[in-house]
Amino acid sequence: MEEELRQNLNRCLAAFMAQRDIGVATVGRLAAGDWRFFDRLGEAGKTFTARKYDEVIDWFSENWPANAVWPEGVSRPKQKAPTS
(Lines give C-alpha, C1' and ligand atoms only; values in the text may rest on other atoms or scores of the structure.)
Protein backbone atom coordinates (compact mmCIF):
# COMPACT_ATOMS: atom_id res chain seq x y z
CA MET A 1 0.00 0.00 0.00
CA GLU A 2 2.78 2.43 0.85
CA GLU A 3 4.36 1.93 -2.58
CA GLU A 4 1.05 2.78 -4.26
CA LEU A 5 0.76 5.96 -2.20
CA ARG A 6 4.37 6.84 -3.03
CA GLN A 7 3.58 6.42 -6.74
CA ASN A 8 0.48 8.61 -6.37
CA LEU A 9 2.56 11.39 -4.85
CA ASN A 10 5.15 11.12 -7.60
CA ARG A 11 2.45 11.16 -10.31
CA CYS A 12 0.95 14.31 -8.82
CA LEU A 13 4.37 15.90 -8.53
CA ALA A 14 5.27 15.15 -12.17
CA ALA A 15 1.93 16.37 -13.54
CA PHE A 16 2.00 19.51 -11.38
CA MET A 17 5.56 20.39 -12.37
CA ALA A 18 4.74 19.84 -16.04
CA GLN A 19 2.25 22.72 -15.74
CA ARG A 20 4.15 25.06 -13.45
CA ASP A 21 7.61 26.56 -13.55
CA ILE A 22 8.51 25.36 -10.07
CA GLY A 23 11.19 23.09 -8.63
CA VAL A 24 10.85 19.89 -6.64
CA ALA A 25 12.21 21.51 -3.48
CA THR A 26 9.70 24.34 -3.70
CA VAL A 27 6.79 21.94 -4.16
CA GLY A 28 8.05 19.92 -1.19
CA ARG A 29 8.27 23.03 0.97
CA LEU A 30 4.81 24.23 0.00
CA ALA A 31 3.01 20.88 0.01
CA ALA A 32 4.74 19.08 2.87
CA GLY A 33 6.57 21.78 4.78
CA ASP A 34 9.81 19.96 3.90
CA TRP A 35 11.90 20.91 0.89
CA ARG A 36 13.43 17.40 0.76
CA PHE A 37 10.14 15.51 1.06
CA PHE A 38 10.01 14.31 -2.55
CA ASP A 39 13.73 13.53 -2.64
CA ARG A 40 13.25 11.28 0.37
CA LEU A 41 10.41 9.36 -1.30
CA GLY A 42 12.99 7.63 -3.47
CA GLU A 43 15.37 6.76 -0.65
CA ALA A 44 15.32 3.18 0.64
CA GLY A 45 13.75 2.82 4.05
CA LYS A 46 12.22 6.31 4.11
CA THR A 47 8.55 6.35 4.99
CA PHE A 48 5.75 8.83 5.51
CA THR A 49 2.56 8.80 7.50
CA ALA A 50 -0.98 8.53 6.16
CA ARG A 51 -1.57 11.98 7.65
CA LYS A 52 1.34 13.42 5.64
CA TYR A 53 0.06 11.73 2.48
CA ASP A 54 -3.38 13.28 3.00
CA GLU A 55 -1.81 16.68 3.68
CA VAL A 56 0.25 16.60 0.48
CA ILE A 57 -2.58 15.25 -1.72
CA ASP A 58 -4.91 17.91 -0.28
CA TRP A 59 -2.35 20.59 -1.12
CA PHE A 60 -2.06 19.33 -4.69
CA SER A 61 -5.84 19.24 -5.06
CA GLU A 62 -6.30 22.76 -3.70
CA ASN A 63 -3.48 24.19 -5.84
CA TRP A 64 -4.02 22.15 -9.00
CA PRO A 65 -3.68 24.20 -12.21
CA ALA A 66 -7.06 24.75 -13.85
CA ASN A 67 -5.86 23.54 -17.25
CA ALA A 68 -4.11 20.41 -15.95
CA VAL A 69 -5.57 16.91 -15.88
CA TRP A 70 -5.48 15.19 -12.48
CA PRO A 71 -3.33 12.04 -12.69
CA GLU A 72 -5.26 8.93 -13.69
CA GLY A 73 -5.57 6.35 -10.94
CA VAL A 74 -4.99 8.85 -8.12
CA SER A 75 -8.05 9.56 -5.99
CA ARG A 76 -8.62 13.28 -5.73
CA PRO A 77 -9.93 14.63 -2.43
CA LYS A 78 -13.30 16.35 -2.46
CA GLN A 79 -12.99 20.08 -2.82
CA LYS A 80 -13.47 21.90 0.45
CA ALA A 81 -16.35 24.34 0.60
CA PRO A 82 -15.22 27.96 0.79
CA THR A 83 -15.51 29.53 4.22
CA SER A 84 -17.36 32.79 4.57
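Here are the numbers for this structure:
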| item | result |
| --- | --- |
| For the stretch 1-42, projected area of the alpha-carbon convex hull averaged over all directions, nm² | 2.7 nm² |
| Å² of accessible area per residue within the chain, as computed with a 1.4 Å probe and no ligands counted | 67 Å² |
| Nitroxide proxy distance, nm - points 7 Å out along Cα→Cβ at W70 and A14 | 1.9 nm |
| Dipole magnitude of the chain, debye to nearest 20 (Cβ charges: Lys/Arg +1, Asp/Glu -1, about Cα centre) | 160 debye |
| Apportionment of accessible area to carbon and sulfur, the chain, percent (1.4 Å) | 49 percent |
| By average C-beta atoms within 10 angstrom, highest first, the peptides 65-72, 20-27, 51-58, 5-12 | 5-12, 51-58, 20-27, 65-72 |
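The values are calculated or read from the model by the stated rules, or taken from the named source; none is laboratory data. Here the structure is a predicted model, which is why all the values come from computation and not from measurement. Here Cβ is always computed from backbone atoms with ideal geometry, including for glycine, and neighbour counts include all displayed protein chains. Side chains are part of the model used for accessible areas, which takes the heavy atoms of the whole protein and leaves out ligands, DNA and RNA. Shrake-Rupley method; radii C 1.70, N 1.55, O 1.52, S 1.80 Å.
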